[in-house]
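A quick write-up on the structure given underneath.
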Amino acid sequence: EDKVVQSPLSLVVHEGDTVTLNCSYEVTNFRSLLWYKQEKKAPTFLFMLTSSGIEKKSGRLSSILDKKELFSILNITATQTGDSAVYLCAVFQNEKLTFGTGTRLTIIP
Amino acid sequence: DTAVSQTPKYLVTQMGNDKSIKCEQNLGHDTMYWYKQDSKKFLKIMFSYNNKELIINETVPNRFSPKSPDKAHLNLHINSLELGDSAVYFCASSQRTGGANVLTFGAGSRLTVL
């Protein structure tokens, strides 16, 4: 059965800390791995990764994929209260996105 | 302009009723999806349509019937609602041709069945 597993399930840190969110997967027909951020409403797209070892960056966020070990990490440096959200990892396979359970990140001011 | 719009945003109804949720996208995408998000925030695929053709039906009860009148619209009709149908339903779209795998999501429709 296809599965995407995220850890930790929840994380509480202080503003300014750096966090690393993990995502491992076992799926058939892997095409790409995506990270989304979900606050109150729609998940919003952060990154799409298709190749191993190539880091994608956007401001304080960065992500990398390891296709040999079947995992990805999302790093957030110098966290801010606006980073509080559920971060979703998903794998595009068999014409659909299969999601993990998400990591709920809470940033304390 | 809202890229993927769903109506209604909130729906409260009694068990046994029939209800519909509508979705429209103005991104010119050729593929649309319905996802269900439970109380633990887990998002699970229900259906996918490409150019009005059903391509994914992920073991969803027959009470759920999607309809795609054209590639910009995908509606979801639910018959004989049950308590377990309470969830947030997200519509999404993507461009399948060319291999783009990024889904754009609507704001969700929260369904509460009493």
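The values are calculated or read from the model by the stated rules, or taken from the named source; none is laboratory data. For clarity, every value in this text was computed on a predicted model and none was experimentally measured. We place every Cβ from the backbone using ideal geometry, glycine too, and count neighbours over all the protein chains shown. We work out accessible area using only protein heavy atoms, side chains counted, and drop any ligands, DNA or RNA first. Shrake-Rupley method; radii C 1.70, N 1.55, O 1.52, S 1.80 Å.
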Exercise. Residue-wise, which Karplus ³J(HN,Hα) couplings in Hz belong to segment B:19-26, taking 6.51 cos²θ - 1.76 cosθ + 1.60, θ = phi - 60°, and x for glycine or proline?
Worked result: 9, 10, 10, 10, 9, 9, 10, 10
Problem set entry | Heavy-atom accessible area per residue - segment A:3-108, 1.4 Å, Å² | 46 Å²
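Once A and B are treated as a pair rather than alone, how much accessible area drops out, both sides summed, in Å² to 100, probe 1.4 Å?
Details: alone 6140 and 6480 Å², together 10870 Å².
Chains A and B together bury roughly 1800 Å² of accessible area.
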Problem set entry | B:Val102 accessible area, assembled protein chains, probe 1.4 Å, Å² | 40 Å²
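Cβ under 10 Å from B:Asn101's Cβ, B:Asn101 left aside: what net charge do those residues give with Lys, Arg +1 and Asp, Glu -1?
On the way: positive: A:Arg31, A:Lys96, B:Arg96; negative: A:Glu95.
For residues surrounding B:Asn101, the net value is +2.
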Exercise. Considering every residue in A:42-49, what mean count of other chain Cβ atoms within 10 Å of its Cβ is obtained?
Worked result: 4
Exercise. What accessible surface, in Å², does a 1.4 Å probe find on B:Asp70, ignoring ligands, DNA and RNA and rounding to the nearest 10?
Worked result: 60 Å²
For this session: Give the shape of the protein assembly as shown as rounded, prolate or oblate, defined through the alpha-carbon gyration tensor: a ≥ b ≥ c are the square roots of its eigenvalues, a/c under 1.5 means rounded, and otherwise the shape is prolate if a/b is larger than b/c and oblate if not.
Result: prolate
Seminar exercise, completed: per DSSP, antiparallel bridges as share of beta bridges in segment A:10-105, % nearest 5, sits at 95 percent
For this session: Whenever you get a sec, line up B:His29, B:His73 from highest to lowest accessible area (probe 1.4 Å, protein heavy atoms).
Result: B:His73, B:His29
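Chain A: longest stretch without exposed GluC sites (Glu not before Pro) (DSSP loop, at most 10 other Cβ within 10 Å), sites themselves excluded? Provide the component values of the computation, followed by the final result.
Values: sites that count: A:Glu1, A:Glu69.
The longest uninterrupted stretch comes out as A:2-68.
Using a 10 Å cut-off around each Cβ of peptide B:31-43, what is the average number of partner chain Cβ atoms that fall inside?
Values: counts 2, 0, 3, 0, 4, 0, 5, 0, 0, 3, 9, 5, 11.
For peptide B:31-43, the averaged partner shielding equals 3.
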Exercise. How many percent of the alpha carbon pairs in chain B exceed a separation of 23 Å?
Worked result: 22 percent
Problem set entry | Residues of type aspartates and glutamates that B:Lys41 reaches as a straight line, Cα spacing below 13 Å, ignoring anything fewer than 8 places off in the same chain | A:Glu39
Problem set entry | Quarter of the Cα convex hull surface for segment A:1-103, i.e. its orientation-mean projected area (nm²) | 6.3 nm²
For this session: Starting at the first residue of segment B:104-114, write each ³J(HN,Hα) from the Karplus equation 6.51 cos²θ - 1.76 cosθ + 1.60 with θ = phi - 60°, in whole Hz, x for Gly and Pro.
Result: 9, 9, x, 7, x, 10, 8, 9, 10, 10, 9
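Give A:Lys3/A:Lys41; A:Lys67/B:Lys36; A:Lys3/B:Lys9; B:Lys22/B:Lys52; A:Lys56/B:Lys36; B:Lys40/B:Lys67 a once-over and call out the pairs whose C-alpha atoms are over 19 Å from each other. Before the final figure, lay out each step's value.
Details: A:Lys3/A:Lys41 24 Å; A:Lys67/B:Lys36 28 Å; A:Lys3/B:Lys9 30 Å; B:Lys22/B:Lys52 15 Å; A:Lys56/B:Lys36 29 Å; B:Lys40/B:Lys67 28 Å.
Over 19 Å Cα-Cα: A:Lys3/A:Lys41; A:Lys67/B:Lys36; A:Lys3/B:Lys9; A:Lys56/B:Lys36; B:Lys40/B:Lys67.
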Exercise. Around A:Phe47, which amide H atoms from residues at least 5 apart in sequence, or from another chain, sit under 5 Å from its own amide H, with H modelled in the peptide plane?
Worked result: A:Trp35
